[in-house]
1. Once amide H atoms are built 1.01 Å from N in the peptide plane, which residues 5 or more positions from B:Gly429, or in another chain, come under 5 Å H to H?
2. Enumerate the amide H contacts of A:Val157 below 5 Å, restricted to partners 5 or more residues apart or on another chain; note that Pro and chain-start residues carry no placed amide H.
3. Average partner chain C-beta neighbours within 10 Å, per residue of B:321-330?
4. Using a 10 Å cut-off around each Cβ of peptide A:106-115, what is the average number of partner chain Cβ atoms that fall inside?
5. Rounded to whole Hz and in sequence order, give me ³J(HN,Hα) for region A:99-108 from the Karplus expression 6.51 cos²θ - 1.76 cosθ + 1.60, θ = phi - 60°, writing x for Gly and Pro.
6. Can you pull out the GluC sites (Glu not before Pro) in region B:342-432 whose DSSP state is coil and whose Cβ has at most 14 other Cβ atoms within 10 Å?
7. Counting only residues 5 or more places away or on other chains, whose amide H sits under 5 Å from the amide H of B:Glu152 once H atoms are built in the peptide plane?
8. When you look at the Cβ of every residue in A:54-67, what mean number of other chain Cβ atoms sits within 10 Å?
Amino acid sequence: MKTLSSKAAAAVEKARSEGRAALIGYLPAGFPDVPTTIEAALAMAANGVDLIEIGIPYSDPVMDGRVIQDATVQALAAGFTVPQIFDVVRGITSATDVPVLVMTYWNPVMRMGVREFASRLAEAGGAGLITPDLIPDEAAEWMAVSDEFGLDRVYLVAPSTSPARMRSTVEASRGFVYGVSVMGITGARTSVGAAARAVVDDAHAAGAERVCVGLGVSSAAQVAEIAGYADGVIVGTALVAALRDGGVPAVAALCKDLSTGTGKNPS
Amino acid sequence: MTDIHQPAGPRVSGAAPHAEIDSDAAEAFLSHDAHSASDHESLRHAPGPYFGAYGGRWMPESLIAALDELQETFEAAKKDPEFTAQITELNSTYAGRPSLLTEAKSFAAHAGGVRVFLKREDLNHTGSHKINNVLGQALLAKRMGKTRVIAETGAGQHGVASATAAALLGLECVVYMGAEDTRRQALNVARMQLLGAEVIPVTNGSQTLKDAINDALRDWVANVDSTHYLLGTAAGAHPFPAMVRYFHEVIGEEARAQILEQTGKLPDAVCACVGGGSNAIGIFHGFLDDPSVRLYGFEAGGDGVESGRHAATITLGRPGVLHGARSYLMQDEYGQTMESHSISAGLDYPGVGPEHAYLADIGRASYEPVTDREAMDAFQLLCRTEGIIPAIETAHALAGALKVGQRLAADLAPGEQAGDKVIIVNLSGRGDKDVATAAEYFDLLPDDSAEQEIAQEGEQL
Ligand SMILES: Cc1ncc(COP(=O)(O)O)c(C=O)c1O
């Protein structure tokens with residue numbers, strides 16, 4: 001795993017130096033509109049989130065559960081288009097130092113052209129990409145282009161990942177490795193289970209310096225549990241639901257609460 | 001991999017590659033039995049994961065282990081005489097293989113007077129080619145120790161076939177189907193339920209076949225230990241395209257032997273409809289290394305490709321990734337999948353299997369759109385001339401065959417007769433399911449009849 005000038009790595013390391021796990025918050029772009037996405041992301045940054053993840057709404061989000069699907073369908077219906085992701089990223093990075101990763105299914109990137117997408121993302125101040133349906137095996141072009149533009153490439157590892165794939169995926173990643181906590185899709189769960197810990201341990205054993213856990217995390221208690229063994233905790237669905245139900249203030253309040261769980265040794 | 005920029009325009013003529021193929025035709029035919037297509041690298045049995053720049057595994061990491069397990073199980077099964085014997089046995093004693101090859105003499109009069117032969121997949125158990133694939137995959141599911149299969153379906157053909165195989169082999173079966181479709185295809189839903197399957201209406205996204213695949217994939221990620229995803233066409237992530245083709249290769253193998261027996265020579269053209277591409281690749285495969293045999297895939301042209309309401313993926317799509325494979329894809333300028341339209345639910349899919357994308361690019365097969373109207377005209381013609389009611393999907397292949405026949409007849413060499421030319425059409429399914437749609441289309445139902453009400457909603461009885 002390469003650390004060289006990685007914005008995502010720096011954010012996780014900063015949290016580590018403060019004796020805690022990084023808190024990573026996800027929201028889809030354009031839900032309910034672009035200005036609100038930016039406002040909500042800045043509220044996350046101001047309330048304890050170390051790293052912001054912005055998703056590109058896509059027609060076929062196979063890794064997403066109902067809450068995120070509904071939000072992205074709404075964003076697309078309201079007219080969100082892929083190039084607006086750069087406005088969102090620029091809007092956030094021009095107002096905060098908290099880095100922004102873009103989470104995207106691969107076809108929108110291919111359609112724009114991997115190089116063009118990367119250059120515009122870098123220009124907007126983005127840190128890199130989280131790619132839920134791109135595995136390193138298919139990523140030769142993205143590997144080269146992300147090196148060229150100094151972008152992070154966050155791949156996923158799962159409870160089903162073989163030891164050999166764990167090693168190659170860790171090796172291909174930059175920033176951190178995204179540990180999928182359960183075999184399933186996004187959506188709040190009451191418990192993330194023992195599988196998450198095993199994924200993190202395996203990824204560390206395979207050489208990963210930073211492993212962050214996502215899928216199903218919705219409460220400060222869960223954050224605290226995962227912070228006990230992982231380098232960062234990713235929260236998505238719960239934040240999307242908060243934005244849907246209570247707007248930006250609800251996002252701010254939830255982040256403040258979640259961030260109380262990041263301490264490595266909660267007393 | 002590099003981003004390959006394909007021209008977005010139609011590529012239906014493939015002029016240059018055809019010229020080359022034609023010059024080799026006679027020699028290839030003469031030398032066929034000894035060594036087919038000796039000057040060409042064989043296109044048969046392409047193992048994947050890649051077909052040229054297409055195919056691969058554009059899939060979440062969570063599913064890669066399951067794809068690996070499936071691939072290993074499939075590779076081992078192919079080499080296991082017990083497995084191949086099981087397939088042969090089920091094909092002959094359950095599915096009804098070999099399917100007939102029927103000459104359609106009266107229909108052929110409308111195809112420029114060339115000879116037209118129908119590969120009768122409509123006579124298989126459950127009424128289409130789909131049974132070939134589901135039996136094979138259900139056996140693999142058992143070999144992997146899985147107790148549950150899931151499937152997607154549009155009109156319900158693949159769902160019914162999957163429910164059938166699951167019932168036969170004692171597997172639990174769950175079928176994902178767009179909510180609209182479950183209402184419009186209430187009888188096919190009942191069929192699946194009679195066979196013991198659970199049908200889950202999909203209310204996500206555009207609520208169509210592609211969304212049913214999305215939900216099946218979501219189910220699979222969460223239940224992969226117990227569950228096999230029984231994908232219904234030659235698309236998706238490796239090993240699905242090569243594996244689904246393998247189970248359908250029997251169509252082409254039989255057809256090739258049958259046409260040689262009935263006419264003493266290879267056909268001039270083979271025609272099939274293309275949704276995801278499974279029936280087409282199944283019959284094409286038998287002839288891939290016979291350069292004299294032209295291969296034609298007919299896509300759903302809907303209201304006409306210029307109308308924007310169609311499913312002509314290869315004709316008008318651009319390379320992209322969907323459901324695990326890189327292939328041609330109907331997508332907008334931002335890479336969002338577009339909704340497809342066709343009178344035929346089985347062709348109404350915005351993607352296509354990657355091997356077809358490759359065969360199109362190298363010019364080995366040609367893909368052309370057929371409109372709803374052309375398909376329905378051919379549907380009626382086959383009913384009236386041959387006493388065979390085809391599936392509306394299949395009617396696209398029949399409409400295409402009429403054009404191919406007329407072109408062959410217009411292009412005869414000196415001394416050649418139209419009757420020397422031979423076309424095989426893959427009659428992929430029977431039209432029982434389409435009677436209400438067709439009756440409504442041809443205005444055969446009395447006003448205010450219950451049937452008309454159902455048919456207006458697209459019910460396929
Ligand atoms: C009779 C029939 N033919 C063709 C198709 C299209 O599928 P494919 O392109 O995979 O053969 C279907 C799909 O439902 C079908 O039912």
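Every number in this text was worked out from the coordinates using simple rules, so none of it is lab data. Remember, predicted model here, so these are calculated numbers, not experimental data. No Cβ is skipped: glycine too gets one built from the backbone with ideal geometry, and neighbour counts run over all protein chains shown.
1. Distant-sequence amide H within range of B:Gly429: B:Asp122, B:Ala391, B:Thr394.
2. A:Tyr178, A:Gly179, A:Val180
3. Details: counts 10, 7, 3, 2, 0, 4, 0, 0, 3, 0.
Partner Cβ neighbours, averaged per residue: 3.
4. Average neighbour count from other chains, rounded to a whole number: 6.
5. x, 10, 9, 9, 9, 8, 5, 7, 4, x
6. The qualifying sites are B:Glu416.
7. Those qualifying (amide H under 5 Å, at least 5 residues apart or on another chain) are B:Tyr176, B:Gly232.
8. 5
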